[in-house]
Amino acid sequence: MDTRLSFSRYPLLVLLCSVAALSGTRSPVAAAGRSCSDTRQVYSEKGYSTGTAPLTQISGEHLRLCPQDYTCCSSQMEETLAHQSERDFLKTVEDNSQFLLTTFTQRHRRFDEFFRELIDLSEKSMNQMFTKTYGRLFTQNAHVFQELFVELRRYYSGGSVSLTEVFSDFWSRLVERVFSLVNPQYQFSEDYLECVSKHAEQLQPFGDVPRKLRVQVSRAFIAARALSQGLATGRDIVNKATKLTADSECVRGLMRQWYCPLCRGMPSLRPCHSLCLNVMKGCLANQADLDTEWNNFIDALYQVSEKLEGPFNMELAADSISVKVSEAIMHMQENSVSISTKVFQGCGNPRPVRSKRSPKDSGGNRRPFRTYSPEEKPTTAAGTNLDRLVTELKERLRPMRSFWVSLPHTICNDEKIAADVTNEDRCWNGQTRGRYLPDVTGDGLVSQINNPEVEVDIARPDVRTRQLIMELRVVTNKLRHAQSGQDMDFMDSEEGSGSGGGDNGERYNDDWPGYGPYSPPYNKPPRNPASNPAKPPRVRERNGSKWNRNNGHGRIKSATSCLTFSLVPLLSLPLTVTVALMWR
């Protein structure tokens, strides 16, 4: 047969074949007959039945998400793969945020266990040292110290506890006990001792120790509680932020980038890097809006952790309690004569003891109060170290900054998720193999107005994201106040009292050593009596000041003498105060 005659008889067919050969594309006939074995195999490996999967490519007019070209996917397969793309997305977000969740969960547990152990060891050490030194004199009054640690634990655990009131009540109870000890020749009624404790702030029987201890312990406990609560909040926020629900537009974008190549018979073809970024930024637009408050939160955690290993050292604060209490008692004993004289002037002369107590009742083998050497100070929590815990935490906090806004990049940089950024011409561009031309959109909800892959309603911010932003702001505010030793829950009631003893006015030259800028000598301004009334009455107290009520001998003190008792020359009383200690 003459070949020329054949070509002239079918000119259109010849033209089509020539164009197909020159362009490198498949003719409709060739595309329709191409095998779908690779697609069927991948689909089967994902656990799906291939009963509805075409053996060869078919026309794609039935497709709703993928390009309606010749395809290896039926309608059922497309729907199945769309659900699969959503599950893959949620799993990818969960996997990439796992280190956040793990860090907050583990760090919270370790710090919480460590802080609680420090409190336990502090109490245990005090009991051991005081029992060894004072014997029954301490054990008979141990409940005073036990109540202090009960309240400290309650505060750390999140209870509505004012540390200022906790220490005020402790010193009030302690001054009653010690005052009776240094004056064993007198009997003191409950009302009389209440008079002593109510005006202990004016008397300052323990010197400046109560103020210093409150500052050092309070700010450490405030920072410790804030850090522990901050880590727990971080854990909860990560949990909430990663519990996503992909809307239909997000699913459409996920399906188009991940599984439409499979439907086209090219299961190994990865989406272009820029295509992946646009899809992820559209699906994670609300999470990106967490960025500013999230970074503030991470920075606040970092700074509080630094304070805990520095001027707000929880280890040093915990083991200082027994040492400072011992110093306070020692101070009162050494100044018992002058203190007792002032009390007798203000509260009246007490009744002498009628019958002489036996040596056993008087304390038996009494030991004088003394302070403790550094070797006797309480030990820190066994097997742990605050510096190590803080160092490990700071190392994990650094990479957490900008996590949410960087999440699309983190996901798309995975070679299993998207093609490498350098492979721009041999990747899936949403329609076929080739370069992805649209620009990558910005971060956050508002920037998605021009996203070419995911249609996002920027006029409707996500309610849950707004709630998470508020939670971050609240916890960040608490952490920032804790950096200066302030507890937000009690700022109104304790303003001006130095609550927590932060950097806003309560620094001491005998503060923790080695933290230069935090321990300069500080001259505290004179206190305004009008702004610092006597502490609130305790439960047992009756109305009226004991300084103005009848004393034990029936005499009534005038208001003038009550206000100026500390300035009146000491009375020439026969001072028979026994310095040796005896518990009431």
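Under a 1.4 angstrom probe, counting protein chains only, how are 465, 245, 105 ranked by accessible area, largest first?
Working: 465 5, 245 120, 105 50 Å².
Output order, biggest surface exposure first: 245, 105, 465.
Mind listing the phi-derived Karplus ³J(HN,Hα) values for the range 396-413, rounded to whole Hz, using 6.51, -1.76 and 1.60 with θ = phi - 60°, and x for any glycine or proline?
Values, residue by residue: 7, 6, 3, x, 7, 4, 6, 4, 5, 6, 8, 4, x, 5, 4, 5, 6, 7 Hz.
For a protection proxy built on the mean count of beta-carbon atoms within 10 angstrom, sort 107-119, 225-237 highest first, please.
225-237, 107-119
Leaving ligands and nucleic acids out of the surface, order 447, 97 by accessible area at 1.4 Å, largest first.
The residues order as 447, 97, largest area first.
Do any of 132/324; 394/478; 91/243; 132/342 go past 21 Å between their Cα atoms, and which?
Among 132/324; 394/478; 91/243; 132/342, the Cα-Cα distance tops 21 Å for 132/342.
The values are calculated or read from the model by the stated rules, or taken from the named source; none is laboratory data. Computed from a prediction, not measured in an experiment: that's the story for all the values here. Cβ: placed from backbone, ideal geometry, glycine included. Neighbour counts: every protein chain shown. For the accessible areas, the whole protein counts, side chains as well, though only heavy atoms, and no ligand, DNA or RNA atoms are used. Shrake-Rupley method; radii C 1.70, N 1.55, O 1.52, S 1.80 Å.
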